[in-house]
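*Asks:* Got a structure for you, written out below as structure tokens; questions coming shortly.
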Amino acid sequence: MYNFSEIEKKWQKYWDDNQSFKVEMDENKKKFYMLVEFPYPSGVGLHVGHGRVYTASDVQARFKRANNYNVLFPMGWDAFGAPAEQYAIKNHIHPSEAVQENIKVFKGQMKSLGLAIDWSREFATTDPEYYKWTQWQFLQFYKAGLAYKDEKEINWCPNCKMGLSNEDAQGGVCERCGCQTTKKLKNQWVLRMSNYADKLLDGLADTEFLDKVKTAQVNWIGKSIGASVNFKLKDTDDYLEVFTTRADTLFGATFMVVSPEHPYLEKYKDKIENIDEVNKYQEEAKKKSEIERTDATKEKTGVKLEGLVAINPINNKEIPIYISDYVLVNYGTGAIMAVPAHDERDYAFAKKFGIDIIQVLEGGDITKEAYIGDGVHINSGFLDGLGKQEAIDKMIEYLEENNIGHSQVNYRLQDWIFSRQRFWGEPIPMIYCEDCGWVPVPDEDLPVVLPNVSSYEPTDTGESPLANIDEFVNCKCPKCGKDAKRETDTMPNWAGSSWYWLRYMSPKCDNAIADMDAMKYWGKVDLYDGGMEHATRHLLYARFWNIFLHEQGLVPNSEPFSKRISHGMILGPNGEKMSKSKGNVVNPNDMIENYGADALRTYEMFIGDYSKDAAWNENGLKGCKKFLDRVWRLQEVLNDNEGYTKELEVIINKTIKKVSEDIENLDYNTAVSALMILLNEIEKHDSITKMDYRTLITLLNPFAPHITEEINERCSLGDTLCTSSWPIYNPDKIMDDTYEMVVQVNGKVRGKIEVSTDSSEDEMKSLAREIDNVKTHIEGKQVVKEIVIPKKLVNIVVK
RNA sequence: GCCUGUGUGGUGGAAUUGGUAGACGCGUUGGACUCAAAAUCCAAUGGUAGCAAUACCGUGUGGGUUCGAGUCCCACCACAGGCACCA
């Protein structure tokens, strides 16, 4: 047998030495931009799941290259973030040192997989030459009025001592450490992402994302169309504003509820007679975790505001106001009009507090539960007798005419909290001056570099460790020259990954985020592969960022990615997610050592539907190794005949078609299967031609690039495969002369017969009746009709 | 609760989109080679009945459309992912 590690090293060196995969712009060639999410270089090295994703991307890149595309297939490192910082805290070294070490390991592993990456474009988000431009782009947001400082309650992880975005604290659990988050007031930099809600929705039309990715984004943005309604506060000149999607039920609004954080509670503290009780409720709400507060199944709680009463503007009835934590401060106006007859939550609250329930839609039995279905309006004055949409329209018209409210759109999407109180992130390039306020760091002073310090731990006050470093903090105001202080917060991990695909286009550019000509040439990412876990967060941030850059005239396209696909995970042999604690982790290094990178790659492509999870099975890997061994052994049976072996011509042409289409459609598993079928056919012959062999290994090359190059060289089959063109099939040669015609009687298969491909329908019919078993099934029965599907089957219907 | 998906042999998974269900691989069983083992090669392999030809059953469940349904329609069940007191 052959020495696969020797062969693999040989060809990896060859590709390196010859810079085989380096690309430059070439206006004469069609471009193809293959992007795969760049990894966070952790200390544990690559996972076999990475192997699947990178191999699949590599197959695409090699396939497109062979099809004469100018292929950009780059790689880099998303290297800011908590793990490197934790490691630094523990070992008292600069995080960049740990990052350098890890990158080395990752890159070595990627090379040993034989990936056709253009390494000349490599960078890390932690390179000052890169984050200089991340900082510069933040300043563009700032200058466009899209970055602002806001004192607001944020998610706070008491364990990590860190502010978290809503995205990082989903469900009230810290994404990093898993502990329960609380709330804390902090002055944060925030990006006005919510301004872009509609653009993010509309832009989806220009993408080819999977439906589930689009749906996830649409849900995340959460657009709802409704109305804003003002309720007058009795004995004041003020109004309490609410958002509702059901303005038509206003006649049934019998009370109002404000969230515990609503500003009116402070504003009207003198008017609220039971303010102590209210304050107590606010305190309790604050103490509760996000999980407790948003548990929809728990019993409703609340306190009635004594002394503060609202007036329903549609009927001028006085209605009470309550404070309750089932109303969220960060959605709508933080206050609602409650229609207990037709809303489950309001119903539960009204029942508990003994509030009036007025039915305004016909249907259901509201003595038992809220009726949330549709119905004709009743008890609703001028809306009586109307259906839902008609009533909504009429009500909004009325509200607008009478200056009580207006139509309004609301989004679930929030602004992006952009501050982190950590060391290992891009410093936010802002300076605070007593006289001038917040002043951007001038472009020529970028990047604001992370200093060397002895401790990387967050401070007890929750501020970044940078706040303890006087040399970093103290500076001069760029505007007036007086003593000033730097912002010590850093950017979130998502910042560096929100524009990295642009940088690959011209990674060395030093006067812009990337060269405009390069961005125009490479354009949008053609195929972007990443995990489903990034369908909302990373993908929305990246799109928001790019849309903004486009508006600023900094990039040529509004949408950054054409097609987004997502791969399934590789699970452990037991079908569970691989983890150290479960002891089911498969190390790709071991697999490469024992079976070779080619076998590993082939197996990871063959393992199953690329978009679905798949459980690891080492026997499957052995099977793929066996397949490659058999391909290798064909070297012994080469003959000197020209062209294809005649009997193999059809299946070879068919296989070219099948493999090409499958790779194009990301059906890697069936592409490998087609090659196995071809090999099975080939092995039925005593000898094969060089052309037979060359075509087989060319089709196999994207999956097993090393062994195929070696075979190609040893047998002198042609040019190196990495610079060769993909085979083209002959459409006239993909049809066999004969096929197995299926004969059914009443839809059941009763016989099969080998017939010539150019048999006429009549010939097919008569051949069908000659089959003995068919005869027995139609004997003595009346033939009602005969269905003929050319080149496939005959179905005889009898009675 | 809502939104996406998915459900096929012992197993990973195929099925030209309404036309032979189970390709290909793994596993299992039998055989060849070998003193023996490994490796390799050959054969069989959805279930039931049968010596066999063949018949019946079979793609989560129950209905339906059709000459014909894994594929389309209706209802339901289970699992996975996302969202969720969003007014």
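The values are calculated or read from the model by the stated rules, or taken from the named source; none is laboratory data. From a predicted model like this one, the values you see are computed outputs, not experimental measurements. Cβ: placed from backbone, ideal geometry, glycine included. Neighbour counts: every protein chain shown. Protein only, heavy atoms only, side chains kept; ligands, DNA and RNA dropped before computing areas. Shrake-Rupley method; radii C 1.70, N 1.55, O 1.52, S 1.80 Å.
*Asks:* Would you call A:Lys298 among the charged types (D, E, K, R) and within 11 Å of RNA strand B (Cβ to nearest atom)? Can you show your working first?
*Replies:* Details: among the charged types (D, E, K, R): yes; within 11 Å of RNA strand B (Cβ to nearest atom): yes.
Against the criterion (among the charged types (D, E, K, R) and within 11 Å of RNA strand B (Cβ to nearest atom)), A:Lys298 qualifies.
*Asks:* Here's another thing I want to ask about it. Quick one: which helices (runs of 4 or more DSSP H) sit completely within the stretch A:492-539 and have at least 3 residues that are open to solvent by 10 Å² or more (accessible area, probe 1.4 Å)? Reasoning before the result, please.
*Replies:* Details: elements: A:493-496, A:500-503, A:516-522.
Output list reads A:516-522.
*Asks:* Say we look at the stretch A:251-301 and pick out the residues that are within 25 Å of A:Asn230 (Cβ to Cβ) and of a type in the set (Asp, Glu); which of these is least open to solvent (accessible area, probe 1.4 Å)?
*Replies:* So, considering only residues that are within 25 Å of A:Asn230 (Cβ to Cβ) and of a type in the set (Asp, Glu), the one least open to solvent (accessible area, probe 1.4 Å) is A:Glu261.
*Asks:* Name the pairs: first residue in the stretch A:685-708 and more than 19 Å from A:Ala599 (Cβ to Cβ), second residue in a strand (DSSP E or B) and open to solvent by 10 Å² or more (accessible area, probe 1.4 Å), Cβ to Cβ under 9 Å, at least 6 apart or on different chains?
*Replies:* A:Ser687/A:Leu638; A:Ile688/A:Leu638; A:Thr689/A:Leu638; A:Lys690/A:Leu638; A:Asp692/A:Leu638; A:Tyr693/A:Leu638
*Asks:* Please specify each residue of the stretch A:545-585 satisfying the condition of being open to solvent by 30 Å² or more (accessible area, probe 1.4 Å) and hydrophobic (A, V, I, L, M, F, W, C). Outline the logic, then answer.
*Replies:* Going residue by residue through the stretch A:545-585, those that are open to solvent by 30 Å² or more (accessible area, probe 1.4 Å) are A:550-554, A:556-558, A:563, A:567, A:569, A:573-577, A:579-583, A:585.
Of everything in the stretch A:545-585, those that are open to solvent by 30 Å² or more (accessible area, probe 1.4 Å) and hydrophobic (A, V, I, L, M, F, W, C) turn out to be A:Leu554, A:Met569, A:Val585.
*Asks:* Let me confirm something: among A:Ile682, A:Ile677, which residue is in contact with a helix residue (DSSP H, G or I) (Cβ under 8 Å, 6 or more places away or on another chain), within 12 Å of RNA strand B (Cβ to nearest atom) and open to solvent by 50 Å² or more (accessible area, probe 1.4 Å)? Before you say what the answer is, go through the steps one by one.
*Replies:* Working: A:Ile682 fails: open to solvent by 50 Å² or more (accessible area, probe 1.4 Å).
Residue meeting the stated conditions: A:Ile677.
*Asks:* Do you know which residues across the stretch A:641-663 are open to solvent by 10 Å² or more (accessible area, probe 1.4 Å), touching a residue at least 40 places away in the same chain (Cβ under 8 Å) and more than 13 Å from RNA strand B (Cβ to nearest atom)?
*Replies:* A:Asn641, A:Glu642, A:Gly643, A:Tyr644, A:Thr645, A:Glu649, A:Val650, A:Ser660
*Asks:* When the residues of the stretch A:568-614 are filtered to those that are on the phi > 0 side of the Ramachandran plot and under 26 Å from the mean Cα position of the chain (by Cα), which remaining residue is modelled with the lowest pLDDT? Please lay out each step first, then the result.
*Replies:* Of the stretch A:568-614, the ones on the phi > 0 side of the Ramachandran plot are A:575, A:583, A:596, A:608.
Checking the rest, the ones that are also under 26 Å from the mean Cα position of the chain (by Cα) come to A:575, A:608.
Working: A:Gly575: 81, A:Gly608: 92.
Only one residue tops the list, namely A:Gly575.
*Asks:* So, one more: Select from the stretch A:408-460 the residues that are among the aromatic types (Phe, Trp, Tyr) and either farther than 16 Å from A:Phe141 by Cβ or open to solvent by less than 30 Å² (accessible area, probe 1.4 Å) (or both) and list them in ascending order. So that I can check it myself, show each step before the final result.
*Replies:* Of the residues in the stretch A:408-460, the ones among the aromatic types (Phe, Trp, Tyr) are A:411, A:416, A:418, A:423-424, A:432, A:438, A:456.
Answer for the stretch A:408-460, where residues must be among the aromatic types (Phe, Trp, Tyr) and either farther than 16 Å from A:Phe141 by Cβ or open to solvent by less than 30 Å² (accessible area, probe 1.4 Å) (or both): A:Tyr411, A:Trp416, A:Phe418, A:Phe423, A:Trp424, A:Tyr432, A:Tyr456.
*Asks:* Can you go through A:Val71, A:Val59, A:Val99 and tell me which one is buried (at least 19 other Cβ atoms within 10 Å of the Cβ), within 26 Å of the chain's Cα centre (by Cα), within 16 Å of RNA strand B (Cβ to nearest atom) and within 30 Å of A:Asp16 (Cα to Cα)? So that I can check it myself, show each step before the final result.
*Replies:* Values: A:Val71 fails: within 16 Å of RNA strand B (Cβ to nearest atom); A:Val99 fails: within 16 Å of RNA strand B (Cβ to nearest atom).
Of A:Val71, A:Val59, A:Val99, the one residue that is buried (at least 19 other Cβ atoms within 10 Å of the Cβ), within 26 Å of the chain's Cα centre (by Cα), within 16 Å of RNA strand B (Cβ to nearest atom) and within 30 Å of A:Asp16 (Cα to Cα) is A:Val59.
*Asks:* Another question, if that's okay. Please determine, by comparing only the residues of the stretch A:74-96 that are under 21 Å from A:Met491 (Cβ atoms) and aliphatic (A, V, I, L, M), which one is most open to solvent (accessible area, probe 1.4 Å).
*Replies:* Our first condition is that a residue be under 21 Å from A:Met491 (Cβ atoms); within the stretch A:74-96, this holds for A:76-89, A:94-96.
If we keep only those that are aliphatic (A, V, I, L, M) as well, we get A:79, A:82, A:84, A:88-89.
Numbers: A:Ala79: 0, A:Ala82: 14, A:Ala84: 8, A:Ala88: 0, A:Ile89: 30 Å².
By that ranking, first place goes to A:Ile89.
*Asks:* Which condition breaks for A:Ala350 when tested against (1) under 15 Å from A:Gly252 (Cα atoms); (2) in contact with a Lys or Arg (Cβ under 6 Å, 6 or more places away or on another chain); (3) away from RNA strand B (no atom under 12 Å from the Cβ); (4) in contact (Cβ under 8 Å) with a residue 60 or more places away in the chain?
*Replies:* All conditions pass for A:Ala350, except number (2).
*Asks:* Then there is this: Are any of the residues in the stretch A:194-202 in contact with a Lys or Arg (Cβ under 7 Å, 6 or more places away or on another chain), surrounded by 14 or more Cβ atoms within 10 Å (Cβ to Cβ) and over 27 Å from A:Val257 (Cβ atoms)?
*Replies:* Restricting attention to the stretch A:194-202, the residues satisfying the condition of being in contact with a Lys or Arg (Cβ under 7 Å, 6 or more places away or on another chain) are A:197, A:200-201.
Now narrow it down to the ones that are surrounded by 14 or more Cβ atoms within 10 Å (Cβ to Cβ): A:197, A:200-201.
This time we only want the ones that are over 27 Å from A:Val257 (Cβ atoms), so: A:200-201.
Yes: one or more hits.
*Asks:* Only one of these is of a type in the set (A, V, I, L, M) and under 17 Å from A:Arg192 (Cα atoms): A:Ile592, A:Ile547, A:Ile565. Name it.
*Replies:* Working: A:Ile592 fails: under 17 Å from A:Arg192 (Cα atoms); A:Ile565 fails: under 17 Å from A:Arg192 (Cα atoms).
Exactly one residue qualifies, and that residue is A:Ile547.
*Asks:* On to the next question. Output yes when any residue across the stretch A:471-480 is part of a helix (DSSP H, G or I) and touching a strand residue (DSSP E or B) at 6+ places or on another chain (Cβ under 7 Å), and no when none is.
*Replies:* Restricting attention to the stretch A:471-480, the residues satisfying the condition of being part of a helix (DSSP H, G or I) are A:471-473.
Now drop any that are not touching a strand residue (DSSP E or B) at 6+ places or on another chain (Cβ under 7 Å), which leaves A:472-473.
The answer is yes; a qualifying residue exists.
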